[in-house]
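S.K.: What follows is a single structure, and I will ask about it in a moment.
The values are calculated or read from the model by the stated rules, or taken from the named source; none is laboratory data. Since the structure is predicted, the reported quantities are computational estimates derived from the model, not experimental observations. Cβ placement follows ideal geometry from the backbone for every residue including glycine, while neighbour counts extend to all protein chains displayed. Accessible surface areas use protein heavy atoms only, side chains included; no ligands, DNA or RNA. Shrake-Rupley method; radii C 1.70, N 1.55, O 1.52, S 1.80 Å.
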Amino acid sequence: MSTPDPEPRAPKPALVFDDPLDQQSSDDTDRGWGERSDTGGSAADLKRFLDEKPPHHL
């Protein structure tokens, strides 16, 4: 009685020794941090200023 061949194993992930600080991460961009589109002009700027004004600037 012969033993069945073992199932092929998945290849091990390769080790990467690159410097991680050389690569841009998602935190290095302003995307997703509440920025608004550049359209709208000064009226949109005023609205944003009034929306984001700290409470002590009433």
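S.K.: Could you pull the accessible area for D18 with a 1.4 Å probe, rounded to 10 Å²?
M.R.: That residue has around 100 Å² of solvent-accessible surface.
S.K.: Taking the Cα-to-Cβ direction at F17 and at L46 and moving 7 Å from each Cα, how far apart do the two end points lie in nm?
M.R.: Once both label points are built, they end up 6.1 nm from each other.
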